[in-house]
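Enquirer: Following this message is one structure expressed as structure tokens.
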Amino acid sequence: MTEGVETQAGAPLQWHRIRLIETPAARYVLMALAVIYLIWSVSALDLNWHRLSTGLPRAANMFARMIPPDFSRWHLLIKGVLESIEMAVAASFFGMILAVPLAICGASNLVPRPVYLFARALIVLSRTFHEIIIAILFVKIFGFGPLAGVLTLIVASTSFISKMVAEDIENMPPGQLEAIRATGAGFSKLLIYCITPQTLPRYLGVSIYRLDANLRHSTVVGIVGAGGIGETLAATFSRYDYDFSLAILLVIIALVFVGEFFSNWVRGHLR
């Protein structure tokens, strides 16, 4: 607060710095431990000037070989991009459907405690692992191809959307739920006349955002063999075909930009 601001009683308000740790000695000890840990981490990770000096020339050579980009194999680009888009759309659609019952079961103000804990455990478990790890598991189970990628993105979409919607339901004013229940309405009518009007804009906005995220992630999961343009990109790097790699990267950038603009446009109309 500034010195010119006064309370109703006339006494000036004083600004006090907020400290998470009040004891100065404890702060200095923690700062010293953080610095020591940082130095130890750098030494343990083998981050040194020799590796940097030998890597920079290789990077310069790789970028030089990328220019100009090679779009001659455009049929592979179109096939990979269409596959990535199909994966993202399909995963978003099924994720939106599966997220609804999981979000309802994950709201503590709607369901009994055992159901809530079970649904929350599923949400937390599915959000624990990164998409790459899930993709590796599905590739090992179902083999290479877009099926593993679609299943990976469905798991990620379901967990993300259900978590956001469940928290939105839990943040609803309790008076609205009590008013609907006081009329003698059952659980289905509670969902239709109370939950849906409150959470539908949030649900659609989060789903559109997840579609945008799936467009980006569909290009990443292909690196481990889960289909999409990422699979083609990984193959070009393994063959040192850097000019075609740059062409794929430019197409991925354009795809992400288009998805971002579409996402912003839809969310703007939902507000």
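The values are calculated or read from the model by the stated rules, or taken from the named source; none is laboratory data. As the structure is a prediction and not an experimental result, all values here were calculated from the model. Note: ideal-geometry Cβ built from the backbone for every residue, glycine included; neighbour counts use all protein chains shown.
Enquirer: Only one of Ala166, Ala179 is without any contact (Cβ under 8 Å) to a residue 40 or more places away in the chain and not aromatic (Phe, Trp, Tyr). Can you tell me which?
Expert: So the residue among Ala166, Ala179 that is without any contact (Cβ under 8 Å) to a residue 40 or more places away in the chain and not aromatic (Phe, Trp, Tyr) is Ala179.
Enquirer: Let me ask something additional. Within segment 142-153, is there a residue that is surrounded by fewer than 20 Cβ atoms within 10 Å (Cβ to Cβ), without any contact (Cβ under 8 Å) to a residue 24 or more places away in the chain and at negative phi?
Expert: The answer is yes; a qualifying residue exists.
Enquirer: Here's a follow-up. Right, Gly149: at pLDDT below 80 and either out of contact with any strand residue (DSSP E or B) (no Cβ under 8 Å at 6 or more places or on another chain) or of a type in the set (Asp, Glu) (or both) or not?
Expert: Criteria not met by Gly149.
Enquirer: Please verify whether segment 222-239 includes one or more residues that are aromatic (Phe, Trp, Tyr) and under 30 Å from Phe142 (Cα atoms).
Expert: Checked segment 222-239: at least one residue is aromatic (Phe, Trp, Tyr) and under 30 Å from Phe142 (Cα atoms).
Enquirer: Any idea how many residues of segment 34-68 are of a type in the set (S, T, N, Q) and part of a loop (DSSP other than H, G, I, E, B)?
Expert: 1
Enquirer: Then there's this: Out of all the residues in segment 125-141, which are within 30 Å of Pro174 (Cα to Cα) and either modelled with pLDDT of 90 or more or of a type in the set (Asp, Glu) (or both)?
Expert: Answer for segment 125-141, where residues must be within 30 Å of Pro174 (Cα to Cα) and either modelled with pLDDT of 90 or more or of a type in the set (Asp, Glu) (or both): there is none.
Enquirer: With respect to Arg73, is the statement that it is charged (D, E, K, R), in contact with a Lys or Arg (Cβ under 8 Å, 6 or more places away or on another chain) and modelled with pLDDT under 90 true?
Expert: Considered against the rule, which asks whether it is charged (D, E, K, R), in contact with a Lys or Arg (Cβ under 8 Å, 6 or more places away or on another chain) and modelled with pLDDT under 90, Arg73 comes out as no.
Enquirer: Restricting attention to segment 166-190, report how many residues are closer than 26 Å to Ser207 by Cβ and either among the charged types (D, E, K, R) or touching a Gly at 6+ places or on another chain (Cβ under 7 Å) (or both).
Expert: The number of residues fulfilling the criteria is 5.
The rows are residues; the columns are (1) surrounded by 14 or more Cβ atoms within 10 Å (Cβ to Cβ); (2) among the polar types (S, T, N, Q); (3) free of Cβ contacts under 8 Å to residues at least 24 places away in the same chain.
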| site | (1), (2), (3) |
| --- | --- |
| Pro69 | yes, no, no |
| Val81 | yes, no, no |
| Ala90 | yes, no, no |
| Leu98 | yes, no, no |
| Leu102 | yes, no, no |
| Ala107 | yes, no, no |
| Pro114 | no, no, yes |
| Thr128 | no, yes, yes |
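Enquirer: Got a sec? Which of Gly259, Gly230 is within 19 Å of the chain's Cα centre (by Cα), at pLDDT below 80, part of a helix (DSSP H, G or I) and at negative phi?
Expert: Gly259
Enquirer: Then there is this: What pairs come out if I take residues in segment 203-227 that are surrounded by fewer than 23 Cβ atoms within 10 Å (Cβ to Cβ) and pair them with residues that are among the aromatic types (Phe, Trp, Tyr) whose C-beta lies under 7 Å away, six or more apart or interchain?
Expert: Gly225/Phe144
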